[in-house]
Amino acid sequence: MHMASGAYRALVLCLGLSLSGITVVRAFLASTATLPPPAAGPFAFNTFVPPNVPAASYVDPVFGSPVRRLTTDHDPDDLYARNMSWNADGTRYLHNGSIVDIVSGTVTHSGIPTGDRRFDRGFDPVDPNALYYMSGTMIRKITLGSAGLKTDTVFFTAPSELKGLGGTINWMDASGRYMIVRYGAEPSIRLFDRQNLAAGPYANPIDGVVTVDSGNFVGVSPDGQYLAGYRDGGQFKIGQGLSWAINHQARSVAPVATVFWELCGGHGSFASGSDGRNYYVGTQCYDTSEIWRVDITNSAGGLSAAAQKALPNNRQLLTWPNWDFDAHVATVAKGPLRDWALVSSKDDTDVFDGPAAPWTLYRSEVIAVNYLTGEVLRMAHHRSRSPAEDYFYQPRVSASWSGEYVGCASNSNQRCIVDV
């Protein structure tokens, strides 16, 4: 789940792990060897820090992927699984009050409002110059112009003050046609067709108290066919994945949620695969620490762990070496790379100035996983140390809408350093 608190945050985003360049390094990245980071030399695990210059880059010495620094302002950032931190064509990134050019690292626009729900701000999935923020009863639209100019207009007005959606996954589908808005008495999460806002919301809104307000989230599947989210509880008391089918012809959302997964909490992301199915790619922590692909149309509520795993189209993708591992997960929303998920492994025993040996498979890595074929491509060591010490040291991972870039949070073995 997304932690939307005001605690001091230290992170670095390592941007530029390009999925589009996978074929160049495919054989190396597919290795199942342990592959620790270097203990000595120019990229030594405890001493190397990316240069504090916008767009400074290096090639990961183990996996061969390019890693690029994006900002140098030492300011905290809201990177998480959702694609909405990236603009539609993968050329810009929303960093607090600034828009940053991904290639050059230069700030193209400043003074971007945070609004009332900063963790729910984000870019339009189709218009590369449009992004949105919430203010009072309004969703406001910022349109980016040339030479740093921008306009700020009202896009949508609700009848009462807007509420948050969890800041975790997209509140628009990948086509930009459908969006969810939360306001008013419960159930408060409402689906709208942006091509016909005058028609009002679809029937059967979703309760935001048991989902968002419990520290979880609700969003829209990339193909716009489901609402999906998470809530606490379930028979194993570790969370429940929920989905609601959408009937666009009848303009209604399913009145009752389908419980599709009860074997861990909400560290995951939703995906609409090229096979026409909708999945949740996320954690399994009931009896083993793993990453699974789960069909969100399955009814898993009340089933045993073994029965949930055996449901149609469910598949184990990664198994971590031990219980010290956890993960963050992001997915590509659209385009030819939409069958890929990005996983950043978090090992609480990888502490500041700790040794690079002994090492374990997948420790402190950014990993690309094809959730349909099961192919695993290892991309880089994220170098974020002591993730248990501070939430914002955790290597949160995110992908641009079409997967042009993968971002990860990292402190590069430094305390109290906040860079992108």
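So the values come out like this:
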item	result
Filtered residues of segment 109-127 (kept if open to solvent by 40 Å² or more (accessible area, probe 1.4 Å) and under 17 Å from S146 (Cα atoms))	S110, G111, D127
Those residues of segment 274-290 which are within 19 Å of the chain's Cα centre (by Cα) and either over 22 Å from V218 (Cβ atoms) or among the charged types (D, E, K, R) (or both), in sequence order	E290
Scan of segment 193-210 for residues that are surrounded by 17 or more Cβ atoms within 10 Å (Cβ to Cβ) and either without any contact (Cβ under 8 Å) to a residue 24 or more places away in the chain or in contact with an Asp or Glu (Cβ under 7 Å, 6 or more places away or on another chain) (or both), ordered by number	P201, G208, V210
Those strands (runs of 3 or more DSSP E) lying entirely in segment 278-384 with at least 1 residues farther than 28 Å from T258 by Cα	325-331, 340-347, 365-370, 376-381
The listed residue being in contact (Cβ under 8 Å) with a residue 12 or more places away in the chain and within 24 Å of I169 (Cα to Cα), out of L337, L311, L361	L337
Some residue of segment 162-182 being more than 19 Å from Y279 (Cα to Cα), open to solvent by 40 Å² or more (accessible area, probe 1.4 Å) and among the small types (G, A, S)	no
Number of the exception - K346 against (1) free of Cβ contacts under 8 Å to residues at least 60 places away in the same chain; (2) under 20 Å from the mean Cα position of the chain (by Cα); (3) within 28 Å of V53 (Cα to Cα); (4) open to solvent by less than 10 Å² (accessible area, probe 1.4 Å)	(4)
Hey, S274 closer than 19 Å to N83 by Cβ, of a type in the set (S, T, N, Q) and open to solvent by 50 Å² or more (accessible area, probe 1.4 Å) or not	yes
Within segment 183-192, considering residues that are more than 22 Å from N278 (Cα to Cα) and in contact with a Gly (Cβ under 9 Å, 6 or more places away or on another chain), the one surrounded by the fewest Cβ atoms within 10 Å (Cβ to Cβ)	E186
Residues of segment 65-96 that turn out to be in contact with a Pro (Cβ under 9 Å, 6 or more places away or on another chain) and either at pLDDT 95 or above or buried (at least 17 other Cβ atoms within 10 Å of the Cβ) (or both), as a count	14
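The values are calculated or read from the model by the stated rules, or taken from the named source; none is laboratory data. Only a predicted model underlies this, so the values are computations on that prediction, with no experimental measurement involved. Glycine also receives a Cβ, built like all others from the backbone with ideal geometry; neighbour counts cover every protein chain displayed. Keep in mind that these areas ignore ligands, DNA and RNA; they rest on the heavy atoms of the full protein, side chains included. Shrake-Rupley method; radii C 1.70, N 1.55, O 1.52, S 1.80 Å.
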